[in-house]
């Protein structure tokens, strides 16, 4: 094969761009959108995971544990000094504080014992050591801040000239001098020396002690009010936020798949437009293999350009979405999303690899058709596969879906099952769409010849734009499935939260005993219930252990998945235990089964499973024990539920307004406000996936509209004939809109059952495998109607302008095409 033959073929291809620029643009647009979606999702996921893993250990690596104080206690400077004298000289004190700027910005300030960190140079890089040394010996009030975060705060007017002005305690402006530093683990915090923080915040105390490396003092040698806690490392950070990341990744992959279909459709249209030129090249002695290689080289060139712009667009998209992600993860998981130093080259290579893989997959079918058509006469029409072939493919894919549903035991097989379902939907679309179009054409009265012609012409369009129809079908089915899943989750969560939050108000505090004393002294007619908590183990895995009251109101508030008839009797006797649905599914536990729980003290206790309760949104396994099982424990007493004593005149609203602000890290909230906050947090969780849903639908709708309009250009002889018979351009424009509406309605009707089944599989298979909880599928007609209207609006919006331009074309222009 001669290189000059390939170059000559490429020259012919490039010169053809002037004749069909729109088709080339569509290929590039599909690749850019695919790369942008994957890049933005990758950046958001990596940044969130890195921030969560590092937020407890800024400027340090390899920290897995910390020493914290039990509820109601504090770590004093004397405790810190005594532990270091006892040999635990690998401890680093951390003081946490939060500032609320007048612009409603919440800024976290961390104070670190930088002198202690300087003695641990083996865990610090040379640049970090130098920066910490400079900060340690600077007497001014200076703090580290990540340059990207500094730029964000400056852009929002929070920082001016590298100084953050806070109206501290409403009394006087307080200035923080900021030093940009992109160090290890830097997030959205201000980081300074602990002495500087103590000077700036007189009421600040040591929040916890980081344990660098191995423990150099036995846990039982710690003071009674201190204990060791595992920190959120990268591994359990990924587990904690897995639901959010999986949603983003799923939508990113779906967007990529739809873009591959869009690209396949555009490549098919482009190849069919070139067929005459390629046949001439064949007559001049250029081999088919040379032409195919030239097409592949062209695709690689387009992929290089598209991946570059897609990477830049993805980075911009991730920065635009970052505030929403930050707010979501802060509300759900307490994660302050920072900044990840992801290599631009790495992102470009990842995007290019995805482009090449997607492009090669997308070009297989067009090249196969091109190879077949270059061997036959120009006037021959491409063969149309039998409808029964599509029916057979649909049945086979549905059979594989059912088989995988029966055998599914992991996320990989679950996602393959979803792919089989969507392919079954595509094959069903290709089988049913011609049947539905023929049916409408047959029932159309002969008194409406133009409408009858439009319906018949829709059959031709459906055959020539089958790939674009499949892309639009996938986008609609995915939108239906995701919307139904999210809405079902929302309804189930709202019902569950409303029933579980049966108290009138709740207090979250680290000063439980002081708060209880104040309540007893000032509001004796308020009934107080302390919700206790501790960490235990089950089969060596971490386990949340919580207390649960036994009065009739709380019994009615509990929502069970399954429960024995004597559930509350066994629970009150201390023989029975209530376990979460997550724990039951993850370990194949059932009612009446005996399990052994290791308490925080190390004592192992056997319990009978008396009930399995719903615990939506909790990514950790959990069990509930009666309150008297925590009598000797002083840990985890951070939540108080408040109710009026029946018949009393006490007012919860008066209590909220009178509640003193002197209690540190304490918040009181009325249940109604807590419900609103919970549902607002829920809605924010899925705002990004909804945005990706819309982008996917828009790209697919744009592809379908473009495909139809390109085919309509090839249909100019028929349109010219109609114009010569007196049909106005406005009438043809209306017919185009009716035709598109009819086709899109058929696609949505066919997509609906597959969207329902997709949603059911996402809830009962994928959700179960990933998070170990399920909930009932709720089909909301309003939500379904919104998806239908939005899909139709997207398609018509992307089509109306080009169709209107065609309608304004003068009749002579359409008539002249008959001479071509």
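The values are calculated or read from the model by the stated rules, or taken from the named source; none is laboratory data. Worth saying up front: this structure is predicted, and the values here are computed from it rather than measured. Note: ideal-geometry Cβ built from the backbone for every residue, glycine included; neighbour counts use all protein chains shown.
Below are the figures for this structure:
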quantity: Whichever residue in the stretch 366-393 is touching a helix residue (DSSP H, G or I) at 6+ places or on another chain (Cβ under 6 Å) and under 18 Å from residue 471 (Cβ atoms) and, among such residues, is modelled with the lowest pLDDT; calculated: 366
quantity: Residue check, residue 792 crowded, with 19+ Cβ neighbours inside 10 Å and under 24 Å from residue 701 (Cα atoms); calculated: no
quantity: Filter pass, residue 396 being at pLDDT 85 or above and not assigned by TED's automatic domain parsing to the domain that holds residue 28; calculated: yes
quantity: Unique match (being exposed (fewer than 15 other Cβ atoms within 10 Å of the Cβ) and at pLDDT 80 or above) among 151, 95, 81, 88; calculated: 81
quantity: Of all residues in the stretch 551-572 being part of a loop (DSSP other than H, G, I, E, B) and more than 22 Å from residue 504 (Cα to Cα), the one that is nearest to the chain's Cα centre (by Cα); calculated: 564
quantity: Spans of strands (runs of 3 or more DSSP E) in the stretch 477-547 with at least 3 residues over 15 Å from residue 639 (Cβ atoms) and touching a residue at least 60 places away in the same chain (Cβ under 8 Å); calculated: 533-538
quantity: Filter result for the condition that a residue is touching a residue at least 12 places away in the same chain (Cβ under 8 Å), out of contact with any strand residue (DSSP E or B) (no Cβ under 8 Å at 6 or more places or on another chain) and closer than 16 Å to residue 764 by Cβ, over 408, 428; calculated: 408
quantity: Among the residues listed as 713, 747, 763, the single one being buried (at least 18 other Cβ atoms within 10 Å of the Cβ), part of a helix (DSSP H, G or I) and either modelled with pLDDT under 80 or over 25 Å from the mean Cα position of the chain (by Cα) (or both); calculated: 747
quantity: Residue check, residue 124 at pLDDT below 65 and either under 34 Å from the mean Cα position of the chain (by Cα) or over 26 Å from residue 159 (Cβ atoms) (or both); calculated: yes
quantity: Conditions (1) part of a helix (DSSP H, G or I); (2) more than 30 Å from residue 468 (Cβ to Cβ); (3) modelled with pLDDT under 75: number failed by residue 708; calculated: (2)
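Matching residues to (1) at pLDDT below 80; (2) not in a helix (DSSP H, G or I):
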| residue | (1), (2) |
| --- | --- |
| 767 | yes, no |
| 774 | no, yes |
| 783 | no, no |
| 786 | no, no |
| 790 | no, no |
| 806 | yes, no |
| 809 | yes, yes |
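Rundown of residues vs (1) in a helix (DSSP H, G or I); (2) outside the structural domain of residue 113 (by TED's automatic domain parsing); (3) modelled with pLDDT of 65 or more, yes/no style:
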| position | (1), (2), (3) |
| --- | --- |
| 22 | yes, yes, yes |
| 25 | yes, yes, yes |
| 30 | yes, yes, yes |
| 33 | yes, yes, yes |
| 37 | yes, yes, yes |
| 43 | yes, yes, yes |
| 50 | yes, yes, no |
| 66 | no, no, yes |
| 73 | no, no, yes |
